[in-house]
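Asker: The structure is given below, and queries will be raised subsequently.
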Amino acid sequence: MTELEPDRSLDPAFQDPLATLADEHATILGVLAEMERHAQRLPDGAPSARFWQRALQFHAEFNDKLHHAREEALLFPALEAAGLSPGTGPTAMLRAEHERCRHWRARIEQALAMDDRARLQAATFGFLEFERQHILKENQILFPLARQLLQPTAVAMLQSAFATLEEGLDVPTTGIDASGW
C-alpha cells in the first residue's frame, strides 16, 4: 500500500469481499447441514418435495448465481491478474470444482425426478462431502492467498463489483434458514 492507496478496511462502510465470501460459505454450510438431516431420514419415508425444491433453488440461485459468480467472474480474474495461472493454478481447479457442484446438484435433481430415495440419499451425501471439502479449500487456502496477493485498490474494486453484481440479482443474501423449509 502506498500513500496514494488508502487502507479502505479502516472505513466503517467497507465490507471486506473475502469476508463476504466466507460469510456466504457459512450460509451454504447451514443449508448443507439441513440437507444432511433430511437425507438421513430418507430411509424412513418419502422426501419432503418442498424442502428439496427449496434446497435446490438455493444452490442454483444463492450458491451459483451469486456466490460462484462472485468468485468466477470477479475474484478469480483479480487473482490471475495478480499472478496466478488461469489454466493450471488454484483458480482453474476451483472453477472445475464449481462445475462438479453443478453435476452433484443435477444428480440430486435426477434422483428426485425418479422418486428414488436411495439414489437421492447417495447423491446428497456425495454432494455434501464434495461441497464441504471445496469450502474448506477456499476458506483455508484461497482466501489467505488472496489476502497476500491482492493490493488494497484491487480489494476495494472487488467489493464494489460484488455490490454491483448483487444489485442485479433477485437473490436473498441474509436471513436464510433452511430449517423452516
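Asker: Please work out the FRET efficiency for the pair Ile176 and Thr88, using the Cβ-Cβ distance as r and a Förster radius of 30 Å; give the result to the nearest 0.05.
Answerer: For Ile176 and Thr88, the calculated efficiency is 0.30.
Asker: How do His67, His59, His134 rank when sorted from fewest to most other Cβ atoms within 10 Å of their own Cβ?
Answerer: Result, fewest neighbours first: His134, His67, His59.
Asker: Shifting gears a bit: Assuming R0 = 22 Å, what is the FRET efficiency of Ala106 and Ala49, from their Cβ-Cβ distance, to the nearest 0.05?
Answerer: Numbers: r = 17 Å, r/R0 = 0.79.
Step by step, r from the Cβ atoms, then E = 0.80.
Asker: Could you pull out every whole DSSP H run in the chain that spans at least 20 Å of Cα extent along its own axis and averages -0.5 or higher on the Kyte-Doolittle scale?
Answerer: Those that clear 20 Å and a mean of -0.5 are 17-40, 117-137, 152-167.
Asker: Relative contact order for the chain: what is it in percent, counting Cα pairs under 8 Å that are at least 6 residues apart?
Answerer: Reported relative contact order: 40 percent.
Asker: Suppose each label sits 7 Å from its Cα in the direction of the beta carbon; what would the Ala26-Glu166 distance come out to in nanometres?
Answerer: Label-label distance for Ala26 and Glu166, simple model: 1.4 nm.
Asker: What label, among (1) 9.9; (2) 14.3; (3) 11.1, belongs to mean projected area of the Cα convex hull in nm² computed from the structure on display?
Answerer: Structure-derived value, by its label: (3).
Asker: A further question follows. Restricting to DSSP H runs of at least four residues, report the calculated mean residue ellipticity at 222 nm for the chain, -39500 (n - 2.57) per run over all residues, nearest 500 deg cm²/dmol.
Answerer: -20000 deg cm²/dmol
Throughout, read-outs are computed from the coordinates displayed, never taken from laboratory work. It should be emphasised that the depicted structure is a prediction, and the values quoted were computed from it without experimental measurement. Neighbour counts are summed over all protein chains in view; Cβ atoms, including those assigned to glycine, are modelled from backbone coordinates with ideal geometry.
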